[in-house]
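Quick notes on the structure that follows.
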Amino acid sequence: MKRRTAIRNVVLMTAGAALLNGCVDKKATIALAHIPITGDEEDLLTELTETIIPRTDFPGAKDLRTAEFIFTMADDCSSPENQKKFTSGMKAFDETCKAKMGSRFVKLSNEKRGEYLGLIEADKEGKEFSEELKWFYRGVKSSTIRNFTTSQQYMTEVRNVTTLIPAKFQACVPVASV
């Protein structure tokens with residue numbers, strides 16, 4: 001075998017392996033029992049929650065691991081019908097984004113993401129967006145806000161909650177002395 005042919009074959013095999021690796025769906029880092037998700041869907045939810053509550057001088061949704069919270073709540077606390085609605089709504093969200101905005105949600109700029117979410121919010125009659133997409137978006141938005149407003153940073157720095165019990169707790173006190 002000639003040296004040039006061998007080098008060419010090695011280069012082609014290496015390039016082919018790198019190209020095929022890029023085509024494979026990336027694995028999700030969150031392990032769920034009932035909802036099968038891909039790494040792309042995990043990225044979609046992470047970027048969606050970060051668009052809803054972005055990082056400023058205060059932690060954003062990515063910092064609070066909101067996507068993990070939402071996936072876990074949907075997996076553990078939702079009925080099988082709602083789990084199917086969740087996954088189909090997530091797919092519809094990304095497919096509709098590609099159709100309306102020309103690209104997948106994770107590849108859009110922050111301005112375009114805000115514009116897309118504004119279109120969903122403005123569609124009150126349900127003519128432009130499917131009901132499953134809007135159900136998914138409303139659920140993600142409310143769960144993102146819930147995760148943010150119950151976070152330790154929010155409770156201690158914004159609400160100034162330092163103790164959860166307003167009075168001193170006394171476990172073994174006779175009823176007559178209280």
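The values are calculated or read from the model by the stated rules, or taken from the named source; none is laboratory data. As the structure is a computational prediction, the values presented were derived from the model and not from experiment. Please note: Cβ atoms are built from the backbone with ideal geometry, for glycine as well, and neighbour counts cover all protein chains shown. Surface accessibility is based on the protein's heavy atoms, side chains included, excluding ligands, DNA and RNA. Shrake-Rupley method; radii C 1.70, N 1.55, O 1.52, S 1.80 Å.
Based on this model, can you work out whether I30 counts as at negative phi, surrounded by 11 or more Cβ atoms within 10 Å (Cβ to Cβ) and either at pLDDT below 80 or among the basic types (K, R) (or both)? If you could, list the steps in order and put the result at the bottom.
Numbers: at negative phi: yes; surrounded by 11 or more Cβ atoms within 10 Å (Cβ to Cβ): yes; either at pLDDT below 80 or among the basic types (K, R) (or both): yes.
Yes.
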* Sort out which residues of region 68-120 are surrounded by fewer than 15 Cβ atoms within 10 Å (Cβ to Cβ), closer than 20 Å to K134 by Cβ and polar (S, T, N, Q), and write them in order of number. => S79, N82
* Asked: So which residues in region 127-143 are within 29 Å of T72 (Cβ to Cβ) and either in contact with a Leu (Cβ under 8 Å, 6 or more places away or on another chain) or outside any helix (DSSP H, G or I) (or both)?
  -> F129, S130, Y137, V140
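Would you confirm whether any residue within region 52-67 is surrounded by fewer than 13 Cβ atoms within 10 Å (Cβ to Cβ) and under 24 Å from A31 (Cβ atoms)? Lay out the reasoning, then the answer.
Narrowing region 52-67 to residues surrounded by fewer than 13 Cβ atoms within 10 Å (Cβ to Cβ): 55-57.
Subset that is under 24 Å from A31 (Cβ atoms): none.
No, because not a single residue in region 52-67 is surrounded by fewer than 13 Cβ atoms within 10 Å (Cβ to Cβ) and under 24 Å from A31 (Cβ atoms).
Okay, residues lined up against (1) touching a His at 6+ places or on another chain (Cβ under 7 Å); (2) under 16 Å from P59 (Cα atoms); (3) modelled with pLDDT of 95 or more; (4) among the aromatic types (F, W, Y):
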| residue | (1), (2), (3), (4) |
| --- | --- |
| K112 | no, no, yes, no |
| E115 | no, no, yes, no |
| E125 | no, no, no, no |
| S142 | no, no, yes, no |
| R146 | no, yes, yes, no |
| E157 | no, yes, no, no |
* Asked: What are the residues in region 144-159 that are open to solvent by less than 70 Å² (accessible area, probe 1.4 Å), without any contact (Cβ under 8 Å) to a residue 24 or more places away in the chain and either in contact with a Ser or Thr (Cβ under 9 Å, 6 or more places away or on another chain) or not in a helix (DSSP H, G or I) (or both), if any?
  -> M155, T156
